[in-house]
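To start, the structure under review is shown below, and the notes come after it.
The values are calculated or read from the model by the stated rules, or taken from the named source; none is laboratory data. Computed from a predicted structure; not experimentally measured. Ideal geometry is used to build each Cβ from the backbone, glycine not excepted, and the neighbour counts take in all protein chains shown. Ligands, DNA and RNA are excluded from the accessible area calculation, which covers all protein heavy atoms including side chains. Shrake-Rupley method; radii C 1.70, N 1.55, O 1.52, S 1.80 Å.
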Amino acid sequence: MLIENAAGIFSGLPGTGMRTIGAIRVRDGVIVEIGALQAEPDERRLDARGCVVYPGLISTHHHLFQSVLKGVRSGIDLPLAGWLRSVPYRFWSKIDEEALAVAARIALTDLLLSGTTTVADHHYLFSDTFRFDPAQVIFEVARSLGIRLVFCRGGATRARHFDTDQFVPMPVESLDRMLQSVEACAQRFHDTSPDSLTRVALAPTTPTWSLDPGELKEVIAAARRMKLRLHSHLSETSDYVDFCLSVHGKRPVHWLADHDWLGEDVWFAHLVHLDADEVRILASTSTGMSHCPQSNCRLGSGVAPADAMARLGGAVSLGVDGAASNESADMISEMHSAWHTHRAVKGADAVTAEDVVHWATAGGARVLGMPRIGTLAPGQQADIAIFNLDQPRHFGMHDPMIAPVTCAGSADLRYLLIGGRIVVENGAIPGFDLQKLKFDAARVVARLAA
């Protein structure tokens, strides 16, 4: 097919190559040419007149199951610790197979309709009481929608304790069982081919509270033996720093450096509370950051030094996080929030719209180790978002290229392609029953609330 007549193209490439113009030719799911091109006989032509073209957006941290836990009143105004107790820890045992499938469908539909083509889902609920395989459920939903999914298989060998017996304790498992389950999951779903739609990562919930310190080196060694990336939460709040200083005598990044938990095959969500030396270490080791500004703002956690890390050449990406702590869990909202948040506290020149687009595209590909996505260039997978600019908020723009970031609002996609396949057309997912999903979600929420 040939994509033509766009107002402009954001390639995702750094420097002067970020912006370009022309047409994009796609063949067999791959971009083969960009420039002044003429349509070939029998070539399908996608008219992008009045649109801007971005690489497909990439969210590097999510909790899909939380998409049926939005706006829980008992947790809406609480910081992280109280929110965890009031929402995911309270409801996790009620997330059955139907609820998980509906939640995954809500989350992935929301992402697709905002121009997202790849998502990393950090799923940490694995219980021996389940009569279903969460990985199978989530992969099936992703496959039905055609989105690329990196399944971050989480879990814990240590449980958190509460001062009440009203909660079903969070599930735990032995380290051997966790690693065996991850390996079995990888054997089924981990595809390293350039056009892969399914990958797996090893992802203990936190290194601080979910594992015994003596297990850390075994975990990273197992991930590298299986050739899987490692993912976890880190330094989301100052509690992480206080805990590591009091128990281990070091800040979190320094402590994890002692256990080999740094490198280009490792990425952490949040990384809000870092000092300058931790930022330098993460950047120099190419350890990735999944920056989640909306969730961090919603929970009052702070603003991550994503800009400082990026200036040092670090691997910075964006993640929407779970919708229970970020009800607007789409990538347009996340980019807009990233652009605003840093400028509000650090100055108007702290982060540009181009920076944000880079984090949401090429930055995500770097963090996930998927070099054939995230940029628009010959030889790359044809993951392409074509944004309409025909809403009143777009009118009057002198620089239409940055409109999806700066104007915010609901994305209006003319087309979204994943590997050259059209998965969104004129703002809708072909053949998808959105009204049914709405009713399914309401039924599940009513059951959970009861």
Look through segment 397-426, keep the residues that are of a type in the set (Gly, Ala, Ser) and more than 19 Å from Thr375 (Cβ to Cβ), and return whichever of them is least open to solvent (accessible area, probe 1.4 Å). Ala403
Tell me, yes or no, whether segment 55-72 has at least one residue that is under 21 Å from His291 (Cβ atoms), under 24 Å from the mean Cα position of the chain (by Cα), modelled with pLDDT under 95 and not charged (D, E, K, R). no
Among the residues of segment 2-18, count how many are open to solvent by 10 Å² or more (accessible area, probe 1.4 Å) and either modelled with pLDDT of 95 or more or over 21 Å from Ile418 (Cα atoms) (or both). 8
Considering segment 368-423, residues that are in contact (Cβ under 8 Å) with a residue 12 or more places away in the chain and among the charged types (D, E, K, R), and then whichever is farthest from Ser144 (Cα to Cα), we arrive at Arg393
Being small (Gly, Ala, Ser), modelled with pLDDT of 95 or more and open to solvent by 10 Å² or more (accessible area, probe 1.4 Å) narrows Gly364, Gly374, Gly379 down to just Gly379
Would you call Phe387 of a type in the set (Phe, Trp, Tyr) and in contact with an Asp or Glu (Cβ under 9 Å, 6 or more places away or on another chain)? yes
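Here is a yes/no grid of residues against (1) more than 22 Å from Leu299 (Cβ to Cβ); (2) among the charged types (D, E, K, R):
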| site | (1), (2) |
| --- | --- |
| Arg45 | yes, yes |
| His61 | no, no |
| Ser67 | no, no |
| Arg73 | no, yes |
Subset of segment 193-226 [closer than 21 Å to Met370 by Cα and free of Cβ contacts under 8 Å to residues at least 24 places away in the same chain]: Ser193, Arg225
Please verify whether segment 413-435 includes one or more residues that are at pLDDT below 95 and touching a Gly at 6+ places or on another chain (Cβ under 7 Å). no
Residues (under 13 Å from the mean Cα position of the chain (by Cα), of a type in the set (D, E, K, R) and not in a helix (DSSP H, G or I)) located in segment 101-129: Asp121
Since Thr192 meets every condition but one in (1) modelled with pLDDT of 95 or more; (2) under 24 Å from Ser93 (Cβ atoms); (3) assigned to a loop (DSSP other than H, G, I, E, B), which condition does it not meet? (2)
Residues located in segment 151-173, provided they are open to solvent by less than 60 Å² (accessible area, probe 1.4 Å) and either at pLDDT 95 or above or within 27 Å of Thr198 (Cβ to Cβ) (or both): Phe151, Cys152, Arg153, Gly154, Gly155, Ala156, Thr157, Met170, Pro171, Glu173
Considering only segment 174-188, I want to know if a residue exists there that is of a type in the set (S, T, N, Q), open to solvent by less than 40 Å² (accessible area, probe 1.4 Å) and more than 26 Å from Tyr89 (Cα to Cα). no
Scope segment 34-86; condition open to solvent by less than 60 Å² (accessible area, probe 1.4 Å), polar (S, T, N, Q) and not in a helix (DSSP H, G or I); matching residues: Ser59, Thr60
Which residues, taken from segment 131-163, are part of a helix (DSSP H, G or I), among the aliphatic types (A, V, I, L, M) and closer than 21 Å to Leu202 by Cβ? Ala135, Val137, Ile138, Ala142
Over segment 309-341, the set of residues hydrophobic (A, V, I, L, M, F, W, C), open to solvent by less than 10 Å² (accessible area, probe 1.4 Å) and assigned to a loop (DSSP other than H, G, I, E, B) is Ala315, Val320, Ala323, Ala324, Ala329
Quick one: Lys438 ticks every box in (1) part of a helix (DSSP H, G or I); (2) touching a helix residue (DSSP H, G or I) at 6+ places or on another chain (Cβ under 8 Å) except a single one, so which number is it? (2)
Single residue of Ala344, Ala306, Ala348 found to be more than 12 Å from the chain's Cα centre (by Cα) and surrounded by 23 or more Cβ atoms within 10 Å (Cβ to Cβ): Ala306
